[in-house]
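Trainee: Starting off with a structure, shown below.
The values are calculated or read from the model by the stated rules, or taken from the named source; none is laboratory data. Predicted model only: the values in this text are computed from it and were never measured. Reconstructed Cβ throughout: ideal geometry from the backbone, glycine too, with neighbour counts over all protein chains shown. Remember, those area values only see protein heavy atoms, side chains included, never the ligands or the DNA or RNA. Shrake-Rupley method; radii C 1.70, N 1.55, O 1.52, S 1.80 Å.
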Amino acid sequence: MDYTTALKPHTMRVACSNCNLRELCMPMGLNPDELDKIDDLVASRRKVKRGTPLFRNGERFTNLYAIRTGFFKTCVASEDGRDQVTGFQMAGEIVGLDGIVHDHHTCDAIALEDAEVCVMPFDRIEDLSREVNALQRHVHKIMSREIVRENGVMLLLGSMRAEERLAAFLLNLVQRLHARGFSQSELILRMTREEIGSYLGLKLETVSRTFSKFVDDGIVEVKQRHVRILNTDALKEIVNPQVCSS
């Protein structure tokens, strides 16, 4: 079932070589011939409405998706029926890697706001990787980054207190947004407090209480979903406290 709206290539397609997100989701240093081939990777673009899935757990895997605009969350259903958030993805990032192993998706990818993605058939990526070595290296880099991210989440959930988890989450989010040209100190949370808690392994009340503590300590300002970081060093200190010398 197609939950998204397909956009006609001749009216909506923008070549990868001219996309302002190319440095984030495509290999660099390609010659003109290789750039033309990369442009052909994108079969179409799709708009995904807020709250609707790009793909569902169990669906057949055929494509990777490069996010052009918008925010997504990936989640799986836990044994008690609740959704467990496994990640948040933004413009310039790739979703769909979960489907490579078993040829079907193992999670849901839900748009947190109206979004648009570039659809890249995986069989086309595999074929082109044999011709363009830089693409193969880039795909491996994306996969490696996902492994590193998952290891980081395991560390977050296994050994960090609530304050450390939320501080690390905010620092990571603002760093990723800054790489896309946004402010280093201000962000709008596209996800709910409940979704943040699900991702960080915290109850909703704990997330709200920790945000309030950061506000009371003068570390952040919070107005609904708008967050302004007043003291980045304080957040870093929470995540990586200085070892006191005896």
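Trainee: Find all pairs meeting these conditions: Cβ atoms under 6 angstrom apart; at least six residues apart or on different chains; first residue within the range 114-129 and small (Gly, Ala, Ser); second residue at pLDDT below 90.
Mentor: Qualifying pairs under 6 Å: SER129/LEU135; SER129/GLN136.
Trainee: How about the range 127-139: which of its residues are surrounded by 11 or more Cβ atoms within 10 Å (Cβ to Cβ) and either basic (Lys, Arg) or touching a helix residue (DSSP H, G or I) at 6+ places or on another chain (Cβ under 9 Å) (or both)?
Mentor: Listed by number, the residues that qualify are LEU128, SER129, GLU131, VAL132, ALA134, LEU135, GLN136, ARG137, HIS138, VAL139.
Trainee: In the set ALA91, ALA111, which member is more than 16 Å from LEU41 (Cα to Cα) and open to solvent by less than 10 Å² (accessible area, probe 1.4 Å)?
Mentor: ALA111
Trainee: Hey, another quick one. Quick one: how many residues across the range 55-104 are more than 13 Å from the chain's Cα centre (by Cα) and among the aromatic types (Phe, Trp, Tyr)?
Mentor: Summing the residues that are more than 13 Å from the chain's Cα centre (by Cα) and among the aromatic types (Phe, Trp, Tyr) in the range 55-104 gives 2.
Trainee: Let me ask something else. Check off (1) within 15 Å of the chain's Cα centre (by Cα); (2) in a helix (DSSP H, G or I) for GLN136 and give me the number that stays unchecked.
Mentor: Unmet for GLN136, out of (1) within 15 Å of the chain's Cα centre (by Cα); (2) in a helix (DSSP H, G or I): (1).
Trainee: Moving on. Just name the residue that is modelled with the lowest pLDDT out of those in the range 18-27 that are closer than 18 Å to ARG137 by Cα and not hydrophobic (A, V, I, L, M, F, W, C).
Mentor: Across the range 18-27, the extreme among qualifying residues is GLU23.
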